[in-house]
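*Asks:* Before I ask anything, let me first share the structure, which is written out below as structure tokens.
The values are calculated or read from the model by the stated rules, or taken from the named source; none is laboratory data. Note that this is a predicted model, so its numbers are computed, not measured. Neighbour counts are summed over all protein chains in view; Cβ atoms, including those assigned to glycine, are modelled from backbone coordinates with ideal geometry.
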Amino acid sequence: LCMMEKFEPVLTPEELRSRLPEWPYFIIDLQLWDKHTQKEKGKVCLQINQSYGLLRDYFTGGELAVTWAGEEFRSMFHGPLDRITAYKGPTAEFLKEKGIDEVVLLDPWADEVLSEEDFEVRAFVIGGIVDTGHDKKLTPKIGEELERAGIKVRRRKIVLRGDVTGVPDRINRILGIILKMMVEGKPMDEAVYEFQ
Ligand code: SAM
């Protein structure tokens, strides 16, 4: 045992982290914050907190960025503001600071389905939107805004047996589905079932 201990590499968490490939950012975009009622804003905050919890299970939690995070969000958010990245400005500005020029936008209105090839991007954007019913076409606005600012946007949808109906649309569940697929290599249908 003594001999073995001699050769056991002792790595600090920081050293271990630096050896792993770069982790992507998961960005929750709050540009439509003001369109929500107070009750809905509370739900957005709760879902962001739950997203932080999920992400911490897989990564550190610091990969969670909330953009357009104004004073009201900061005061209403009961999660660990210091452990996430709460960025006051637009998503495109945050991306430029990080040297990222292409993202995957999770968008139920997209033509293309999210696939493994999309996991190479350095940032995923989820709309910080809470609305019941899929009737309002809101997420594409976020994509248009990013494109206007010169960011390449891969709009991708998550489907269950080929259809967006039956896919939970809560922000944290969408993030959970991506993580199950990306980190655990689960097929989309299976990942969706687990978050229903
Ligand atoms: N009616 C809203 C709309 O038009 O986008 C629904 C917003 S949904 C409550 C919140 C976010 O979850 C969306 O902005 C999107 O990023 C993500 N999302 C929800 N369902 C999705 C799906 N089936 N595929 C991809 N992303 C989805």
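*Asks:* Has region 139-162 got any residue that is within 12 Å of the ligand (Cβ to nearest atom), of a type in the set (D, E) and either at pLDDT below 95 or surrounded by fewer than 22 Cβ atoms within 10 Å (Cβ to Cβ) (or both)?
*Replies:* No, the conditions are met nowhere in region 139-162.
*Asks:* Of all residues in region 35-58, count the ones that are of a type outside the set (A, V, I, L, M, F, W, C) and in contact with a strand residue (DSSP E or B) (Cβ under 9 Å, 6 or more places away or on another chain). Walk me through it before giving the result.
*Replies:* We begin by selecting, within region 35-58, every residue of a type outside the set (A, V, I, L, M, F, W, C); these are 35-43, 47, 49-53, 56-58.
With in contact with a strand residue (DSSP E or B) (Cβ under 9 Å, 6 or more places away or on another chain) added as a condition, the list becomes 47, 51-52, 56.
Here the count works out to 4.
*Asks:* When both residues are 6+ apart or on different chains and their Cβ atoms are under 7 Å apart, which pairs have a first residue that lies in region 86-97 and is in contact (Cβ under 8 Å) with a residue 40 or more places away in the chain, and a second that is in a helix (DSSP H, G or I)?
*Replies:* Listed by first residue and then by second, the contacts come to T91/L146; A92/L146.
*Asks:* Kindly evaluate R17 against the criterion of being modelled with pLDDT under 85, out of contact with any Pro (no Cβ under 8 Å at 6 or more places or on another chain), outside any loop (DSSP other than H, G, I, E, B) and surrounded by 12 or more Cβ atoms within 10 Å (Cβ to Cβ).
*Replies:* Working: modelled with pLDDT under 85: yes; out of contact with any Pro (no Cβ under 8 Å at 6 or more places or on another chain): yes; outside any loop (DSSP other than H, G, I, E, B): yes; surrounded by 12 or more Cβ atoms within 10 Å (Cβ to Cβ): yes.
Yes, satisfied.
*Asks:* What single numbered condition from (1) of a type in the set (G, A, S); (2) outside any helix (DSSP H, G or I); (3) within 12 Å of the ligand (Cβ to nearest atom); (4) under 22 Å from E120 (Cβ atoms) fails to hold for G166?
*Replies:* Only one criterion in (1) of a type in the set (G, A, S); (2) outside any helix (DSSP H, G or I); (3) within 12 Å of the ligand (Cβ to nearest atom); (4) under 22 Å from E120 (Cβ atoms) is unmet by G166, namely (4).
*Asks:* Let me ask you something else. Consider region 151-182. How many of its residues are farther than 28 Å from I100 by Cα and small (G, A, S)? Write out each step before concluding.
*Replies:* Our first condition is that a residue be farther than 28 Å from I100 by Cα; within region 151-182, this holds for 160-168.
Within this subset, residues satisfying the condition of being small (G, A, S) are 162, 166.
The qualifying residues number 2.
*Asks:* Ok, one more. Can you tell me how many residues within region 92-112 are outside any loop (DSSP other than H, G, I, E, B), in contact with a helix residue (DSSP H, G or I) (Cβ under 6 Å, 6 or more places away or on another chain) and crowded, with 21+ Cβ neighbours inside 10 Å? If you could, list the steps in order and put the result at the bottom.
*Replies:* The initial filter retains those residues of region 92-112 that are outside any loop (DSSP other than H, G, I, E, B), namely 92-97, 102-106, 112.
Narrowing the set further to residues that are in contact with a helix residue (DSSP H, G or I) (Cβ under 6 Å, 6 or more places away or on another chain) leaves 92, 104-106.
Keeping just the survivors that are crowded, with 21+ Cβ neighbours inside 10 Å gives 104-106.
The qualifying residues number 3.
*Asks:* May I pose another question? Please determine whether any residue of region 33-50 is more than 11 Å from the ligand (Cβ to nearest atom), assigned to a strand (DSSP E or B) and closer than 21 Å to P168 by Cα.
*Replies:* No, the conditions are met nowhere in region 33-50.
*Asks:* Which residue pairs have Cβ atoms closer than 7 Å, lie 6 or more positions apart in sequence or on different chains, and pair a first residue in region 52-73 that is assigned to a loop (DSSP other than H, G, I, E, B) with a second residue that is charged (D, E, K, R)?
*Replies:* G61/R83; G62/R83; W68/D29; A69/K88; G70/K88
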